[in-house]
1. Please go through segment 105-133 and pick out each residue that is surrounded by 14 or more Cβ atoms within 10 Å (Cβ to Cβ) and not in a strand (DSSP E or B).
2. Any idea which residue in segment 44-79 is farthest from the ligand (Cβ to nearest atom), counting only those that are among the aliphatic types (A, V, I, L, M), assigned to a strand (DSSP E or B) and buried (at least 17 other Cβ atoms within 10 Å of the Cβ)?
3. Determine which member of the set 61, 50, 15 is in contact (Cβ under 8 Å) with a residue 24 or more places away in the chain and out of contact with any Phe, Trp or Tyr (no Cβ under 7 Å at 6 or more places or on another chain).
4. Sort out which residues of segment 1-31 are touching a Pro at 6+ places or on another chain (Cβ under 8 Å) and exposed (fewer than 13 other Cβ atoms within 10 Å of the Cβ), and write them in order of number.
5. Cβ-Cβ under 9 Å, sequence separation 6+ or interchain: first residue in segment 66-78 and within 13 Å of residue 18 (Cβ to Cβ) and aromatic (Phe, Trp, Tyr), partner modelled with pLDDT of 95 or more and part of a strand (DSSP E or B). Which pairs?
6. Check whether at least one residue in segment 21-33 is outside any strand (DSSP E or B), within 24 Å of residue 120 (Cα to Cα) and within 11 Å of the ligand (Cβ to nearest atom), and report yes or no.
7. For the list (1) more than 27 Å from residue 130 (Cα to Cα); (2) within 16 Å of the ligand (Cβ to nearest atom); (3) in a helix (DSSP H, G or I), I need the number of the one condition that residue 86 fails.
Amino acid sequence: MEGIEKVYQFLDEVKTYYLATVDGDQPRVRPFGTSLLYNGKLYIQTGKKKDVSKQLAANPKAEICAFNGEKWIRIAGELVDDDDRGARVAMLEKMPALKGMYDPDDGNMQVFCFRNAVATFSSFTDAPETICF
Ligand SMILES: Cc1cc2nc3c(=O)[nH]c(=O)nc-3n(C[C@H](O)[C@H](O)[C@H](O)COP(=O)(O)O)c2cc1C
């Protein structure tokens, strides 16, 4: 499995991860669950109306953390707004529950993809594994 696929699979299986953004000098963190591998890029989804979207617009630096009961992952990088309708459609196809809240053309739905990302898998037993994408 290619590195980014392993990262995606972990997020997909764990269902809930925690996304940290920067708000001035204040870190902000919240639960997220959207993930998609599309055109070789790792995407998450949100709405433009949310504070998280405004924070990423002002400063794309972000970090994700998730734990599956055995290993944890941290993904540090930049989350870049990707105005790709195909990615929005693919996200809704993968996660149909979102269709009640979002439409690809509603002007609110937004997908972000990682750039300059460093993902680290850690556990209490194994050496850390780092994947860059
Ligand atoms: C399990 C879980 C998964 C969530 N997944 C997402 C998600 O993928 N995208 C999203 O925009 N909000 C998601 N939310 C809701 C956000 O956590 C919530 O809107 C949060 O307030 C957004 O952060 P903000 O207030 O800083 O904008 C999820 C909430 C939970 C409990």
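1. 108, 133
2. Checking each candidate, the answer is 73.
3. From the options 61, 50, 15, the qualifying one is 61.
4. Result: 16, single match.
5. Listed pairs, sorted by first residue: 67/17; 67/73; 72/65; 72/66; 72/120; 72/121; 72/122.
6. Yes - at least one qualifying residue is present in segment 21-33.
7. (2)
Table: residues versus (1) under 13 Å from the mean Cα position of the chain (by Cα); (2) more than 18 Å from residue 4 (Cα to Cα).
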position: 27; (1), (2): no, yes
position: 31; (1), (2): yes, yes
position: 39; (1), (2): no, no
position: 42; (1), (2): yes, no
position: 53; (1), (2): yes, yes
position: 65; (1), (2): yes, no
position: 72; (1), (2): no, no
position: 89; (1), (2): no, yes
position: 95; (1), (2): no, yes
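The values are calculated or read from the model by the stated rules, or taken from the named source; none is laboratory data. Here the structure is a predicted model, which is why all the values come from computation and not from measurement. Backbone-built Cβ (ideal geometry, glycine too); neighbour counts: all protein chains shown.
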